[in-house]
Amino acid sequence: MVQELTRQELLRYSRHLLIPEIGLEGQRRLKTASALVIGTGGLGSPVLLYLAAAGVGHLGVVDHDVVEESNLQRQVIHGSAALGNKKVNSARARLEDLNPHIQVETYPEPFTAANAIEIAQPYDVIIDCSDNFPTRYLTNDLCVLTHKPNIYGAVFRFDGQASVFDARLGPCYRCLFPEPPPPGSVPTCNDAGVMGILPGTIGTIQATEALKILLGIGTSLTGKLLLYNALDMSFEQVILKKNPACKVCGDSPEIRALIDYDDFCGVSAINHADGPGDPAWDITVSQLAAQIKQDKNILLIDVREAHELSISHLDQAKNIPLGELAGRLDELDGSREIVLICRSGTRSRRGLEVLVGAGFTRVRNLQGGINAWAREIDPDLSVY
Amino acid sequence: MPVIRMPNPLRPYVGGLAEVPVSGKTAGEAMEDLTVQFPELRQHLFKQDGSLRAFVNLFVEGRNIRDLEGLETPLETDTVFSLVPAIAGG
């Protein structure tokens, strides 16, 4: 149903109305259009801000996190006043202030195979602004199975990727990446960092693609993957083709309904397996503090990058960056109890796998990393 | 010499280089040379059976080698190709 624009809206969107490719008709289309944004983080922030400003009439926002201090370097939809609040509420307040003529629906819950179809049902396009592989495969399969365009963006440090996956017209995300990397083999932004402005660039490209699709103008990134490197300031487009053997959109698809994506991505295995991923290999900061006090001759190995030590470190810990660990095993005394430390406990778990794989048995992973130590044991240390 | 463009996640394994010159007449030979120059990369790029891992793509002049002749895809001496791994950050 085409909706008329009020006098105030005509004024607000006048710079769109001047463009022949958009004009009054296009602006009316945007008012009736809808977009679901999965995640209100680094990518979701610019996507939501620009779609709201452009006058997309119905925006859905899915996120179950709360706003944290370390988000504000890139998640520009949130401000300091929203610290500790649910991200969807913070986003809604900003969007309603930016454009009171649109409707914002919030979903403060994890996006899962159990609720994805129902949440996504009313929306024209789905915009993948998530930060993990299970959600990316879920979003892809959902879009293939329900015939919706998946507007994709992803970032890592200085690298960005963007595409439009629409299985009706071209390849899907699974055609490009049939399987996810093993858990832990590709670090997340939480562990590896991300240049704050990078998701701004990629998110703005996703918003551009969404607007073009909703308006029916231009040529989309369907069948193409845009690669961006901020350090080199290089943009490259590569061609993507449909994979006839794709398990969800190929000639004889195996996946005909949403599956367990944590399981598919191996996340549940690493959380529950009886290997180094098992919490039984963990030591808590209070246990470690007690053991150090008893002078248990513990060897502390900090597997973070050297430049992180200036933020916080334990004096007695020896630094061997994770990437060097496998090549420096001869520096470790296997007769002593070894405790591996990193920022939050993720990289040290991978270090644990390296050491256990090399035959070390008296190894523990410091749960929560040096940040947990700073929070619970030594408040003089910084959390980052 | 063909040149491989390195994505940021893999640059730590090649001494931080953005591009690595390699020798070889096919994509497979070039990748072999890359992993001889930087042995630590092998486990990240290849499965034990020698095939490319499913979350890594190799694009030769903008086209995925999976859509060409795979690791047998021939290279010109001035071919520039890009390694594209799956990334998930948002």
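Within the stretch A:85-98, is even one residue modelled with pLDDT of 95 or more, on the phi > 0 side of the Ramachandran plot and more than 14 Å from chain B (Cβ to nearest Cβ)? Steps first, answer last, please.
Filtering the stretch A:85-98 for residues modelled with pLDDT of 95 or more gives A:85-98.
Among the residues that remain, those that are also on the phi > 0 side of the Ramachandran plot are: none.
No, the conditions are met nowhere in the stretch A:85-98.
Among the residues making up the stretch B:36-81, those that are assigned to a helix (DSSP H, G or I), among the charged types (D, E, K, R) and farther than 20 Å from B:GLU19 by Cβ are B:ARG66, B:ASP67, B:GLU72. Residue-level analysis places A:ARG28 among those that are assigned to a helix (DSSP H, G or I), of a type outside the set (S, T, N, Q), farther than 20 Å from A:ALA120 by Cβ and in contact (Cβ under 8 Å) with a residue 12 or more places away in the chain. The single condition among (1) surrounded by fewer than 24 Cβ atoms within 10 Å (Cβ to Cβ); (2) within 8 Å of chain B (Cβ to nearest Cβ); (3) out of contact with any Asp or Glu (no Cβ under 9 Å at 6 or more places or on another chain) that A:PHE158 does not meet is (3).
Take the conditions (1) farther than 17 Å from A:ASN140 by Cα; (2) under 19 Å from the mean Cα position of the chain (by Cα); A:GLY57 misses just one of them, which is (2).
Tell me which residues, restricted to the stretch B:1-21, are assigned to a helix (DSSP H, G or I), touching a residue at least 12 places away in the same chain (Cβ under 8 Å) and at the interface with chain A (Cβ under 9 Å from one of its Cβ atoms). Once the filter is applied, which keeps residues that are assigned to a helix (DSSP H, G or I), touching a residue at least 12 places away in the same chain (Cβ under 8 Å) and at the interface with chain A (Cβ under 9 Å from one of its Cβ atoms), the stretch B:1-21 yields B:PRO9, B:TYR13. Kindly indicate whether any position in the stretch A:132-150 is of a type outside the set (Gly, Ala, Ser), under 17 Å from A:ASP65 (Cα atoms) and in contact with a Gly (Cβ under 7 Å, 6 or more places away or on another chain). Taking every residue of the stretch A:132-150 in turn, none turns out to be of a type outside the set (Gly, Ala, Ser), under 17 Å from A:ASP65 (Cα atoms) and in contact with a Gly (Cβ under 7 Å, 6 or more places away or on another chain).
Just give me the residues in the stretch B:67-90 being surrounded by fewer than 20 Cβ atoms within 10 Å (Cβ to Cβ), without any contact (Cβ under 8 Å) to a residue 60 or more places away in the chain and touching a strand residue (DSSP E or B) at 6+ places or on another chain (Cβ under 7 Å), in sequence order. B:LEU68, B:LEU71, B:GLU72, B:PRO74, listed by residue number. For the stretch A:216-227, a residue qualifies if it is crowded, with 20+ Cβ neighbours inside 10 Å and more than 13 Å from A:TYR152 (Cβ to Cβ), but none of them does. Checking each residue of the stretch A:281-295 against the condition of being aromatic (Phe, Trp, Tyr), surrounded by 17 or more Cβ atoms within 10 Å (Cβ to Cβ) and at pLDDT below 90 gives at least one match. Figure legend. Inter-residue proximity from the stretch A:219-236: first residues in contact (Cβ under 8 Å) with a residue 24 or more places away in the chain, second residues among the acidic types (Asp, Glu) and surrounded by 19 or more Cβ atoms within 10 Å (Cβ to Cβ), beta-carbon distance below 6 Å, spacing 6+ or different chains. Indicated pairs: A:SER220/A:GLU209; A:LEU221/A:GLU209; A:THR222/A:ASP166; A:ASN229/A:ASP159.
The values are calculated or read from the model by the stated rules, or taken from the named source; none is laboratory data. Bear in mind the structure is a predicted one, so any value in this text is a computation, not a measurement. When we count neighbours, we look across all protein chains shown, and the Cβ atoms used for this are built from the backbone with ideal geometry, even at glycine.
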